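These notes are about the structure you will find just below.
The values are calculated or read from the model by the stated rules, or taken from the named source; none is laboratory data. All values derive from a computational prediction rather than experimental measurement. As a convention, Cβ positions derive from the backbone with ideal geometry for all residues, glycine included, and neighbour counts pool all protein chains shown.
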C-alpha cells in the first residue's frame, strides 16, 4: 500500500499545475492531512461539518478548509489558516507534500462558482493528536481514517441527500458512523489518480 514517500513522489512528479487564486470568497482551499497511523502506514484527517443553515455542505464529511479571505496570499495560506481555525493544527511549508489539481465547483445551491485548491500535508502523530474541533458552530467532529480503508470495495455504500429540490442517491465510503461522499470523495478520486491507486469500482 502507499507510503509517505510514494505519495510525495507521485505528487511531485505531476506536470506543473496552473494555479488560479483570488483572495475572496470565490476561491477556497482544503487540507488533506496525512499522519502515521497506529496500525496502518498512513491515516487521513476528516471533519464532519456542523449542521448549520446556509452552509451548502452542512453536516457533511469534509477536509479542513474554507473560503479565502482578503488577507490570504495563496491557496496554501487559505488551507493553513482555515485548518488552524477549525481544528487547531498549525500547518506550515515543511508539512506540505504537494498539490492536487484545482477544480471548479458549480452547484445550483451556490450563489456563484467556486475554485477549490486541495493541498496535501503530512504531520507527525504527536501533532496530529492535537486536532480537535475549535469552531463548534462549524465543526462537529474530527476523525482519522486509515488510507487503505478509502480504497477498499468493502466499505462502498450509498447515501441519500436532498439536492436540487429532491432526494438523490450518491455513492460513498462508510467509516464507522460517517459516510465520505460528494465533493470530498471527488477530491479523493483526484488523489487516487495522482498516486496511481484506483478507487473502488463504483467510481
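Residue-level check: of (1) part of a strand (DSSP E or B); (2) under 14 Å from the mean Cα position of the chain (by Cα); (3) surrounded by fewer than 20 Cβ atoms within 10 Å (Cβ to Cβ), residue 104 misses just (2). Is there a residue being over 16 Å from residue 47 (Cβ atoms), part of a strand (DSSP E or B) and either without any contact (Cβ under 8 Å) to a residue 40 or more places away in the chain or more than 15 Å from the chain's Cα centre (by Cα) (or both) anywhere in region 67-89? No, region 67-89 contains no residue that is over 16 Å from residue 47 (Cβ atoms), part of a strand (DSSP E or B) and either without any contact (Cβ under 8 Å) to a residue 40 or more places away in the chain or more than 15 Å from the chain's Cα centre (by Cα) (or both).
Residues in region 51-66 that are in a loop (DSSP other than H, G, I, E, B) and either touching a strand residue (DSSP E or B) at 6+ places or on another chain (Cβ under 9 Å) or touching a residue at least 40 places away in the same chain (Cβ under 8 Å) (or both): 51, 52, 55, 56, 57, 58, 59, 60, 63, 64. Here the condition is being surrounded by 15 or more Cβ atoms within 10 Å (Cβ to Cβ), within 13 Å of the chain's Cα centre (by Cα) and assigned to a strand (DSSP E or B); of 117, 171, it holds for 117 alone. Against the criterion of being at pLDDT below 95 and either within 24 Å of residue 189 (Cα to Cα) or part of a strand (DSSP E or B) (or both), residue 110 qualifies. Taken over region 8-19, the criterion of being at pLDDT 90 or above and assigned to a loop (DSSP other than H, G, I, E, B) is satisfied by 13, 14. Take the conditions within 24 Å of residue 27 (Cβ to Cβ), touching a residue at least 12 places away in the same chain (Cβ under 8 Å) and buried (at least 16 other Cβ atoms within 10 Å of the Cβ) and apply them to residue 150. Does it pass? No, not satisfied.
Would you check which residues across region 124-168 are over 24 Å from residue 88 (Cα atoms), assigned to a helix (DSSP H, G or I) and over 15 Å from the mean Cα position of the chain (by Cα) and list them?
If the condition is that a residue be over 24 Å from residue 88 (Cα atoms), assigned to a helix (DSSP H, G or I) and over 15 Å from the mean Cα position of the chain (by Cα), then 148, 149, 153, 154, 155 are the ones that fit.
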